[in-house]
Structure formats: C-alpha cells, structure tokens
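S.K.: Can you keep this structure in mind? I'll have questions shortly.
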Amino acid sequence: MKQIDILWVDDEIDLLKPHQLFLEKKGYKVTTSTNGTDAIDLIDEKRFDIVFLDENMPGLTGLETLAEIKQKQPNLPIVMITKSEEEYIMEDAIGSKIADYLIKPVNPNQILLSLKKSLDHSRLISEKTTSNYQQEFRKISMDLAMVNSYEEWFTLYKKLIHWELELETISDAGMLGILESQKQEANTQFFKFVKKNYQDWLTAGDRPTFSHTLFKDFVVPHLSKDQGTLLIVIDNLRFDQYRTLEPLLNNFYKKEEEHSYLSILPTATQYARNAIFSGLMPSEMEKKHPNYWKNDLDEGGKNLYENEFLEAQIKRLNLDIKHEYYKITNLRSGKELADNYNGTKQNDLTVVVYNFVDMLSHAKTEMEVIKELAGDDKAYRSLTVSWFKNSPLFEIIQKAKLLGQKLIITTDHGTINCKHPTKVIGNKNISSNLRYKTGRSLSYEEKDVFAVKNPKDIFLPSIAINSPFIFAKEDMFFAYPNNYNHFVKYYKNTYQHGGISLEEMIIPCAIYEPK
C-alpha cells in the first residue's frame, strides 16, 4: 500500500512535533512548512495526498493559501485548522470545498480521524455498506418468503431500492449481482401476489390507494384556501428515480409525508393517468365520459382530456377551488410556464403534468445514443437527475417555493428494463403495447401472464367481444413469432410499462412544505 504524504502548514509547526511523530508511527509521511508561500512552492514540487493548513499565519493567511492551492490542485483534500470559531471563517473555508475543519487545540486522534474521513472515506464506506447488506440479505430473503400484504410489499420494495442505491455508490459488482437476484425473486413473488389479489382489491373496503383514488386520498386533504398547492405528475417516474431527485428537492422543500400507492392495470399512461384525473376506473370513464375516453384501437391521442376529467372529479367531490392545468411535452412549453409561473399565485391548485421521463424511456428504444447513455438502471437514474437539475420543472418548483405553495410530487406508473421475450399471437386488431395486450384471438404462454378473460372484472373496457387483457410478468415483453429474432433484438434491454412488476406498480406520492 502506498505511503500517504501529508503537508502540514503552521507557523508554530515546532509545537506540533508530537502530532508529527504520532502520524509517522502510524506509517504516514509528514512534510512541514511554516508559511503559505513556502507551502505553495512545495505543492509545485511534489504531489501530496492531503494538506493540514493553519488558518491564522503571518504573510499569506490560511484562506489565501487555500485559494492558491485550490487553483493549482482543485481536487487535493485540505483540512483547515484554526483557533478562531468565527462563523465567517468557517463559511469561507467550507465554501472553498475543504475536506474538514478542526478547531485548535487538536489531539492526535482528531487528526487521525480527519485523515481517515478524507482519504479512506470511500474504502471505509464500501466495506461497511457491503457488510451491512450481507447482514440484511438474509432478513430480506426471509421477508420475501413471508410477505402477505400490500403494505409489506411497499416496505420490502423500498428496502430493495435503498440497498440498490447504497451499493451503487461503492460499485461492488458482486454485491449488486446478489441484489439483482433478490429483485428478480421479489418480482416473481410480487406477480403471484398481484395475480391472486388484484381483482378483490378493487372492490374491498381495506384496499391500497390506486390511481383512481390518489387524488381523493392524497391530494384533496392538502388543498386549502390559505395556501396554494402545486401538484406535479412526472410521467413514468419510478421510486428509485424519485429517490435520486429528493436531495435536490430538499434544498427548497421539507418533506411532510411520503406515500406508496399502486398503479392500476395496465400500468400505461392512457389508463393510469386518466384514472388519476378522473377519479374513475377505465370502464367507468368509458361509461360516464364516452366523449373523452378512447380505447386502445381507437384513432387519436388517448390523454387529450385530462383537464376535463379533473374538472369533472372536482365537481363530483364538491370542491370549491380555483385550479389550472398544464401539460408540458417539450422544452419550449416548460420554459414558458417557468417564466410565467408567478401568475399561478391566485390558484388553490396548480397541476403540472411533465412528460420528460416517458419521452426518455421511448427514446431509449428508438435512439442508439440514449441506449448507450441509459444502458442500465444506474445510468437511467443518472440521466433523470441530470435532466431534472437543468429542467424548467426544477425552476417551476423553486418559484412555487417562493410563492409559499405546498408541493405534491407523484407519477402515474413506473417502468421496467425488459430482458426476456414471451411469444404472443393474435389477429391484426390487438393493442401494440409490449407489456400488455388486448384483442381477439390472443394466444400466449399462460405461465408468463396474468390473463383476465372478462375485462369488466377489473373495471377495464372491452374493445370487442371475447377480448381479454393479458399482462406480462416480471421483466418480460411480448414478441410476435413473425420476424421474432429481429423484434427481440430491437426491444430487449429497453424500458417498457403496462405489465406487472414492482417497478411499474409501486410508485411514490410525496407531500412537501416550503422551507
């Protein structure tokens, strides 16, 4: 193991000889300097691993020396040491991206701890994270064998996401492989659970919040004449993607509540998002609003009447509110809303549907460059964060905070990276989605699907007599026998939705108050 080279800069360095000896006994090499000018020269001559820097020195001060060193070596860890507890000094030092900040007098163990934090941080976290997950692995496996309610599935799925994000930071391929196997097993069990319970849930008294009850359950209780509410529906946002956006939201908002809810089947925009805004299941939408509802094989856009659905639901719930609805499908309309967002301050409810993540998942299917950039779930999350940071949506959220508006963030369904094809056969009048199918004369692998012979049993419309719905399990996607190999090659490892998986069905709804 390479010896660690430390540069210690202090005008009273002789008084620190015991600390120097202590570190040298621990195997560190210590070079000393009594002033900032000499320290900068030493930085030019030699590569150090870390610098301990006194703040109060004659000539160049510690902060001035820090600025000079950072210009030369921006990634060199620097630990500032000072007698002063002045807040502005701390703020200046922290703003200059120091690795640590110590107040004199320091003892040798403080110095050692600072070294470990600055230089061994990644290794120590990696070892601890791996150890913790190894301990948790057995518990998750036991939970998987016993999970027997939708609440337990919510908890288990969030636990799997937690460990996926933790292990992702340490890039341990072995541990990530083990976790991936656990996620696959979880999806196998979740599919069986949904297949067994879904129909009963829809009419049971004790049922999870679904798409069609989301507005009534989680949005209405937070509407107030005293404070406006911004409801954001980010299409296709999975729980893991939401988790990676949270740190950005926390700069402006404080989370008050976080809920998990279930997307209805099919986990597709046409069904799930219309259900959110109408407060109705698809067969009820078809019956009550035949002028707004379109089935899979109908011509035209399937989500053109979300605001009309919402207005009807608001009226049905007897809500006395002023609301506005915006759908953002491109950068121009996003910027336009961000620029004019202050105009929403009189609203009791402002609804923004943002379509970027859905566009990203479809682009991954169709564009080679996106396939490269979002090759797996880790990259997919990273791309989502990069978009969000620089999006008009993030600007809209910041403006909502300045207006004192409550923030509710949710989605209509998630998405899953499809890996395995399953064959389906039907006539030309069947739906085109790769994760669910409806239409006449469907032939399929029974073991790979949840088949509903009578769609009305789960409140879905029938596009024709004898037109069942089938939903793909786990990470499967439907492929036609004709031109099978080309079809499979094109769609394998693409993000799809419409079927039954943890990623598609268990999705977030979070309520925030402005900081």
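S.K.: Measure nothing but the geometry: give the 0 to 90° angle between the long axis through the Cα atoms of 392-402 and the longest principal axis through the Cα atoms of the chain, rounded to 10°.
M.R.: Approximately 70 degrees, to the nearest 10.
S.K.: Ok, one more. Go from 0 up to the bin containing the longest alpha carbon distance in the stretch 123-201, width 5 Å each, and give me the % of pairs per bin.
M.R.: 3, 14, 27, 22, 15, 10, 6, 3, 1, 0
S.K.: While we're here: Count the net charge of all other residues whose Cβ sits under 11 Å from the Cβ of Glu513, scoring Lys and Arg as +1 and Asp and Glu as -1. Mind showing how you got there, number by number?
M.R.: Numbers: positive: Lys254, Lys255, Lys401, Lys406, Lys515; negative: Glu256, Glu257.
Taking every other residue near Glu513 into account, the sum is +3.
S.K.: Just to confirm the number: angle between the C-alpha axis of helix 150-168 and the first principal axis of the chain, 0 to 90 degrees, nearest 10?
M.R.: The answer is roughly 40 degrees.
S.K.: Continuing with this model, one more query. Working from the alpha-carbon coordinates of the stretch 417-496, get Rg over Rh, Rh being the Kirkwood radius. If you can, show how the numbers build up before the last one.
M.R.: Values: Rg = 12.3 Å, Rh = 12.8 Å.
Taking Rg over the Kirkwood Rh, I get 0.96.
S.K.: OK, next. May I ask for the net charge around Pro221, where only other residues with Cβ less than 12 Å from the Cβ of Pro221 are counted and Lys, Arg are +1 while Asp, Glu are -1? Don't skip to the end; give the middle numbers.
M.R.: Details: positive: Lys216, Lys406; negative: Asp217, Glu256, Glu257.
Every neighbour counted, the sum reads -1.
S.K.: Taking amide H positions as placed 1.01 Å from N in the peptide plane, with prolines and chain starts having none, which residues 5 or more places from Lys327, or on another chain, fall under 5 Å of its amide H?
M.R.: Val353
S.K.: Using alpha carbon centroids, what distance separates the stretch 443-514 and the stretch 40-61, in Å?
M.R.: 61 Å
S.K.: Show that you can apply the helix-only estimate: for the chain, add -39,500 (n - 2.57) for every DSSP H stretch of four or more residues, divide by all residues, and state [θ] at 222 nm to the nearest 500.
M.R.: On the way: 20 runs with 230 residues, N = 515.
It lands at -13500 deg cm²/dmol.
S.K.: Any idea what the alpha-carbon Rg over 2.2 N^0.38 Å comes to for the chain? Don't skip to the answer; put the middle values down first.
M.R.: Values: Rg = 28.2 Å, N = 515, 2.2 N^0.38 = 23.6 Å.
Compared with the compact-globule rule of thumb, the chain sits at 1.20.
S.K.: Sticking with this one: For the stretch 19-34, just list the computed ³J(HN,Hα) in residue order, Karplus coefficients 6.51, -1.76 and 1.60, θ = phi - 60°, integers in Hz, with x standing in for Gly and Pro.
M.R.: Coupling constants for the stretch 19-34: 5, 4, 5, 4, 5, 5, 5, 7, x, 8, 9, 10, 9, 10, 8, 9 Hz.
S.K.: With a cut-off of at most 12 other beta carbons within 10 Å, and DSSP calling the residue loop, which trypsin sites (Lys or Arg not before Pro) in the stretch 159-234 qualify? Please list them.
M.R.: Numbers: sites: Lys159, Lys183, Lys192, Lys195, Lys196, Lys216, Lys225; in loops: Lys225.
When the trypsin sites (Lys or Arg not before Pro) of the stretch 159-234 are filtered for loop state and at most 12 Cβ neighbours within 10 Å, Lys225 remain.
S.K.: Given q = 0.12 Å⁻¹, what are the Debye log10 I(q)/I(0) values for the stretch 5-119, with equal point scatterers placed on the Cα positions and solvent ignored?
M.R.: -0.36
Values quoted throughout were computed directly from the atomic coordinates according to the rules given, and no laboratory measurement underlies them. Every value quoted in this text rests on a predicted model; they were computed, and no experiment measured them. FYI the Cβ positions are ideal-geometry reconstructions off the backbone, even for glycines, and counts take in every protein chain you see.
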